[in-house]
Structures are given as structure tokens and as C-alpha cells.
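Engineer: Can you read through this structure? Questions will come right after.
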Amino acid sequence: MNIVLLGVLAYILVQFAVGFWVSRRISTESDYINAGRRLGLGLGAFTVFATWFGAEAVVGTAGQVYEKGLAGAGADPFGYAIALVVAGIFFAATLWRRGLVTFADFFRQRFGPGVEWLVVMALLPGSIFWAAAQIRAFGQVVSSVSDINVPVAITVATIVVVAYTALGGLLADAITDLVQGIAIIVGLAVLAVLAATSAGGFGASLAAVPADRMALVDAPLIEMIERLAVPICGTIVAVELVSRMLGCRSAATARNATVTGGLLYLVAGLIPVYLGLVGPALVPGLTGDAAEQVVPQIAQKLMPGALFILFVGAMMSAILSTVDSALLASAAQISHNILLRIVPEASEAAKVRYARASVIALALVASILALTATSIRGLVEVASSAGSTGIFVALLFGLHSSFGGAASAAAAIVTGALVWPIGHITGVTSTPYLVALAAASLAYVATAVFFPSHRGERTHQSALEFLPVGTVVKACAG
């Protein structure tokens, strides 16, 4: 085992130790899922930042920019940063005040248990793809600093992720996020300075980039809007983000932490873009999957041994933090919104066990996807798009108006979930996400107008009739 890999493993063990120490404070489901709703501004902001600043921001975006120039950055970091700021300003405080445990709880409160179940099922694939992207990135980094090939590294990553995620819950995740967030920001900043110094300074290094690689727009306006809509709408309804909002100690903290996390993301996200632009001059000849290793390759070339070990450790821990968040938030919805509807009398200890078992199951599925995927960017695009259009529409109407009921929400979610994959797979439109958003909005409004809820009727009854599992959910809901 080389010294770099040994140092990285030691770094990860430290993260495990922190998680284990914090996990001893977990005694209830709320402690595990929501950190007991006691995250302050600092922890809240860094856990929002670290959750999003993972494989896509560091490995995926730098690789795309390396291959395609500035246009390869697409909506990252701008789209995701905008999404976090918008979510903080317009959604965080309102959701926090509802006293939710999970994001799906909102849909049960507003539309009923049938829509709650539908939301869990619609968002689950996206979270699994997101986790798979992080696991693949972990494998890429391990492979780049050792003789371990990517499939073996992904398998190792899965074992590490399962143990790390099932251990500590949101509070442990938030505390390690603070350390990991600072480490990756400092590490990337140092690497950017070293890269610029080796090329004669920031100005000289950017001046040497061919003009055609500096073009940000490479598609018609409507397609550029599509690229922004995917991360913005997908992020606002991401269970990973909402879980952090709900874990804050107050509505104001939830709002401010989310906005601050978005601003941190924007600033730090520009560094991988810079490294991708100057990468061909520093580490030429990377193609295909190898392009996704541009950041660790630059670090290995320019950083002295001890500093390189710390940097790679910071990258790995940042990726672990992101996949931890994806698995934990999705597992919480499975255990809290599905399993506990079937076993409502479960003790607090049993609730935590259900959540941990759900984490393990989701991690295994994500690892299979990571082994079969061809790129990190492809996984993230699916994660941001899958199932989010109709849920975004239902959230927008449901949170900020009384218009529409359970049938409207169900119609929007089902329509969006069907239209996007059809458009994406068949290629009949270059903007399948925008088309799905429009179709879901039309479905919500039309259903609300033509099939209004009757006075005195619970708003979720009609939605249950639309769902094939309606009778089961109704029975479980009591």
C-alpha cells in the first residue's frame, strides 16, 4: 500500500471517529433524521454547502470543462448556487415552521397520505442516482492515487459509505461537514494558487486558454434555460436539502443557512472550473473517463506529498459527506413515511434501526449503478431530473396557495414523471425538462378546475383513488 493511500485511509478513520462520537447522542428518530432540530447558522450553512459540493462540483465539472471548455460547466456552479439561494429565501422558513420530520410530511399535511407515498416513490430514484454519482467519484479518486482499478475502488467505497452513513445521522454528518467543507475550500484554493503559479499567474494562465474554450454559451437560449431549470427545480425539491432546512434550530436559521451555503457553493465552485480550463496545459492527454481525474492529477503533480495526502483526503471526505446526505435523507423518507405507516407503534429505537437498514439497502443499489455508469455527469443529470418536475409544481402551489387538492398534486406528479423520460429518451424535444414542467403545471391547474374537492371532504381522498396502492395506503394511514 503506497503512502498516499495509507494517509487517505487514516484521514477517513478520523471522520469515522468523529461520527461515532456524535452518534452516542442519538436516542430518537428526530435525533437521527433531523439532528434534534438544533443546527445553528455555521453548521447549517456548511452542511448545505458540503452536501452539494461533491463529485459533480469537483470531479464532474472539472472533467467536463477540461474536455469542452467553459461551456462544459453548464449550470454548475451557477445553477446550483442560484437554486440554494432561491430555496433559502422562498422555501426554507415556511417549510421549517410546519414542524416536518421529512419533506414527504409536507405532502401528507397538505394533500394526504396517498400523495405522500407518491412523492417518496418519485424522489427515490433521483437520490439513488445522486448517491451513485458520489460513489463513482470516490472510486475515481481512489483509482487515481493507487493501483486499485475503478470497479474495485467503487466496491470499497460502498463499504466505507454504508458504515459511515448508517453510523451517525444528521448531527454527525453536519459536524463532519463543517470540517470537510473548510478542508475542501482551503485545499482547492491552495491547488488553484499552485496551478496559477506554475503557469505564470492567474491572468497569464487564463490568457493562454484558447478563445474557443472560453465560450460559455454553446446552445440556443431555450436550451440554456433548460440547463438551468434542471438544477434549480431539482435542487429545491431535493430531500437532501430540505432535511438540512428542517434540522436548523429556527426558521430564520434555516433561511440564512441555506442562502449562505449557496453563496459558499458559488465561490468554491469557480475553482474546479478554473482548474478544468488550465488542465490541458498542466496534465495533457486525458480523455473519456480519465478526464474526470483532472483535479486529483493536477494535485498529484503540483502538491508535495504531505499536502497531497491532505487534499485527496479532503476530496474523499467531501464526497462521503454528499453521499451520506443523499442516502440518509432518502432512507428517512422510506422508514418514516412508508415503514412507520405500516408499523406505527414502533419504538424510537426501532425507528432508528429502520432508518439505518434503509440506508444499507439504498447504498447497495447505488453501488450497482455506480459500477455500470459511464460518467458522473450522466448520473447527476438523471438525479436532478428524475421525478422532480411534478413535485416542484405541487410544492409551489401547495406551499404558497390553497389552490388545488390531492387530485391536482397526483396529476402533476404522475404527468411530470411520465413526460420527462419520454422526451429525454425519444429525443422528440431538446428541452424535455421544460416540457415536463409545463405539462405538470397544466395537469395541476386543469385537475383543480375540473375536479375540485368537495366542501367538507378531506383533500386527499380523491388522490387515493388515482393511485393503484390507494387502498393499501389508506389502510396503513388509518
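The values are calculated or read from the model by the stated rules, or taken from the named source; none is laboratory data. Since the structure is predicted, the reported quantities are computational estimates derived from the model, not experimental observations. Backbone-built Cβ (ideal geometry, glycine too); neighbour counts: all protein chains shown.
Engineer: Out of Ala463, Ala439, Ala446, report the one residue that is at pLDDT 90 or above and touching a helix residue (DSSP H, G or I) at 6+ places or on another chain (Cβ under 6 Å). Spell out the reasoning first.
Structural biologist: Details: Ala463 fails: at pLDDT 90 or above; Ala446 fails: touching a helix residue (DSSP H, G or I) at 6+ places or on another chain (Cβ under 6 Å).
Going through Ala463, Ala439, Ala446 in turn, just one is at pLDDT 90 or above and touching a helix residue (DSSP H, G or I) at 6+ places or on another chain (Cβ under 6 Å): Ala439.
Engineer: Still on this structure: How many of the residues in region 412-455 are within 18 Å of Ala229 (Cα to Cα), assigned to a loop (DSSP other than H, G, I, E, B) and not small (Gly, Ala, Ser)?
Structural biologist: 2
Engineer: Hey, another quick one. Filter region 368-390 down to residues that are at pLDDT 85 or above and of a type in the set (S, T, N, Q) and give me whichever is farthest from the chain's Cα centre (by Cα).
Structural biologist: Here the answer is Thr389.
Engineer: Yes or no: region 269-278 includes at least one residue that is under 16 Å from the mean Cα position of the chain (by Cα) and outside the structural domain of Pro432 (by TED's automatic domain parsing).
Structural biologist: First, the residues of region 269-278 that are under 16 Å from the mean Cα position of the chain (by Cα): 269.
Of the ones still in play, those that are also outside the structural domain of Pro432 (by TED's automatic domain parsing) are 269.
Within region 269-278, one or more residues are under 16 Å from the mean Cα position of the chain (by Cα) and outside the structural domain of Pro432 (by TED's automatic domain parsing).
Engineer: Can you name the condition, by its number, that Val8 falls short on among (1) modelled with pLDDT of 75 or more; (2) within 30 Å of Ala73 (Cβ to Cβ)?
Structural biologist: The failed condition is (1).
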